[in-house]
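The values are calculated or read from the model by the stated rules, or taken from the named source; none is laboratory data. If you're wondering where the values come from, they're calculated on a predicted model, not measured in any experiment. Here the Cβ positions follow ideal geometry from the backbone for every residue, glycine too, while neighbour counts run over all protein chains shown. Keep in mind that these areas ignore ligands, DNA and RNA; they rest on the heavy atoms of the full protein, side chains included. Shrake-Rupley method; radii C 1.70, N 1.55, O 1.52, S 1.80 Å.
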Amino acid sequence: MWLVDAWYRGAWWLQLLRPLSWLFNLLAAARRGRLTAQQCTSALPVIIVGNLTVGGAGKTPVVLALGSALRQQGWRVGVLSRGYGGQSRHYPLFVGADTDVRASGDEARLLRRHHRGPLVVDPDRCRGLRALEESGLCDVVVCDDGLQHYRLGRDIEIVVVDAERGFGNGLTLPAGPLREPAQRLAGVDVIVLNGKQAEAQLATTLAQQSAPIGSVHLQPAAWINVKTGQRVSLQNFQMVKLSDESDKRQVYAIAGIGHPQRFFDSLSAMGITAHCEGFPDHYAYRAADLSFAGKDLLLMTEKDAVKCERFAQDNWWYLAIEPQLDKDVLTAVINRLNTIRSTSANMGDKEHG
């Protein structure tokens, strides 16, 4: 995590790694050309939801919000995930309500809780895409991550940007957090900002783009008990928290996400003061890791909660979030999908004419 901090702090010594970033760019461009030439395609429209930086930017909430909006428009949505952190005995893995998080990975498990449609996990995304197509259960596929997985053909590219941290020092790996240069934004279809824009460099970069730019709003909805599933409103939970404080209990918070401080800041915004502990993204928790909380109140994200259910204590809670996409983002995606569907229908008519 110290390297991530250096990327976003703009540590001077990272400039010494610039030659390695130039080499990374050359190798990445060569890889992109090679894999693009070998792309697998599908009869189904494929939407990629990805990001340019290492770590989380909020892709999964965007996938959920987009899937919900498309269903309301009559589309049957299938979701494809790499299943990072999961180890299944077989792939492609159709994730069900009873699929072990150790097989699916935390993000797929989180998606399964909310997505109403087929969800496939496969490190080989082309194989996973074929499984969704052959299932006959969907007519559009949304891929959670995979912007740089160029062997996977795509019709729409959506890039999610952490608006608060931006692109750090603006350099590619290993000197900076970028998987690809920021110029890659010129080729995407939609840009989605997560959080309040705070970096001047980001504003300059975005001003140069022609793609529609919108936001995803992550609205805190309720607190859910990790062990029992009990749902408590935000207002009532404040009363529970104050009651615990009167009993001399401490309040702890953990986050094993790409940007843990985002969760800790949201707690502060709700008036919750907690002892905060950040963990690496996708961290595989064990009960011993959280023993420091004892019988005190322990707060976490839902992504953390799906990995803690097996050993959760009575006083562990996660914050449920309702993601909402700007109307302009949804309009841009739906218009593009309708064009694809219309084009496919016309081609089918010509073939049968």
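Quick notes on this structure:
- Pairs, first touching a residue at least 12 places away in the same chain (Cβ under 8 Å) and open to solvent by less than 100 Å² (accessible area, probe 1.4 Å) in region 81-104, second assigned to a loop (DSSP other than H, G, I, E, B) and small (G, A, S), C-beta under 6 Å, six or more apart: G83/G105; G85/G105; G86/G105; A103/G86; A103/S88; S104/G83; S104/G86
- Total residues in region 133-149, condition open to solvent by 10 Å² or more (accessible area, probe 1.4 Å) and part of a loop (DSSP other than H, G, I, E, B): 6
- Of the residues in region 19-39, not one is of a type in the set (K, R) and open to solvent by less than 90 Å² (accessible area, probe 1.4 Å).
- Hey, T228 of a type in the set (V, I, T), open to solvent by 50 Å² or more (accessible area, probe 1.4 Å), over 24 Å from the mean Cα position of the chain (by Cα) and modelled with pLDDT of 95 or more or not: yes
One line per residue, one yes/no per condition, for (1) hydrophobic (A, V, I, L, M, F, W, C); (2) farther than 18 Å from A108 by Cβ; (3) at pLDDT below 95:
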position	(1), (2), (3)
R286	no, yes, no
L290	yes, yes, no
T301	no, no, no
A305	yes, no, no
C308	yes, no, no
F311	yes, yes, no
D314	no, yes, yes
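- Selection within region 318-332: residues that are open to solvent by less than 20 Å² (accessible area, probe 1.4 Å) and modelled with pLDDT of 95 or more. The member of this set that is nearest to L110 (Cα to Cα) is A320.
- Selection within region 266-305 - exposed (fewer than 14 other Cβ atoms within 10 Å of the Cβ) and farther than 29 Å from E164 by Cα: R286, A287, A288, S291, F292, G294, K295
- Out of T343, T273, T301, sole residue that is touching a strand residue (DSSP E or B) at 6+ places or on another chain (Cβ under 8 Å), among the polar types (S, T, N, Q) and under 30 Å from I156 (Cβ atoms): T301
- Filter result (out of contact with any Leu (no Cβ under 7 Å at 6 or more places or on another chain), open to solvent by less than 10 Å² (accessible area, probe 1.4 Å) and within 24 Å of R336 (Cβ to Cβ)) within region 166-191: L185, V190
Here is a yes/no grid of residues against (1) outside any helix (DSSP H, G or I); (2) in contact with a Ser or Thr (Cβ under 9 Å, 6 or more places away or on another chain); (3) open to solvent by 50 Å² or more (accessible area, probe 1.4 Å); (4) at pLDDT 95 or above:
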| residue | (1), (2), (3), (4) |
| --- | --- |
| V159 | yes, no, no, yes |
| E164 | yes, no, yes, no |
| L202 | no, no, no, no |
| H217 | yes, no, yes, no |
| W223 | yes, yes, no, yes |
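- Output for region 249-265, where each listed residue is open to solvent by less than 30 Å² (accessible area, probe 1.4 Å) and in a helix (DSSP H, G or I): P260, F263, F264
- Region 177-200 residues that are part of a helix (DSSP H, G or I), paired with ones that are surrounded by fewer than 21 Cβ atoms within 10 Å (Cβ to Cβ) and of a type in the set (S, T, N, Q) (beta carbon under 6 Å, 6 or more apart): A182/T205; L185/Q209
- Only one entry in R109, R130 is surrounded by fewer than 22 Cβ atoms within 10 Å (Cβ to Cβ) and either within 24 Å of I224 (Cα to Cα) or at pLDDT 95 or above (or both), namely R130.
- Criterion violated by L80 - all others in (1) in a strand (DSSP E or B); (2) over 23 Å from L193 (Cα atoms) satisfied: (2)
- The set of residues in region 49-75 being open to solvent by less than 30 Å² (accessible area, probe 1.4 Å), over 19 Å from D106 (Cα atoms) and either of a type outside the set (A, V, I, L, M, F, W, C) or touching a Gly at 6+ places or on another chain (Cβ under 7 Å) (or both) consists of T53 alone.
- Failed criterion for G56 (all others in (1) more than 26 Å from R165 (Cβ to Cβ); (2) in a loop (DSSP other than H, G, I, E, B); (3) not basic (K, R) hold): (1)
- Selection within region 79-94 - at pLDDT below 95 and among the aromatic types (F, W, Y): Y84
- Applying the set (1) closer than 30 Å to L44 by Cα; (2) open to solvent by 20 Å² or more (accessible area, probe 1.4 Å) to L337 leaves exactly one unmet item: (2).
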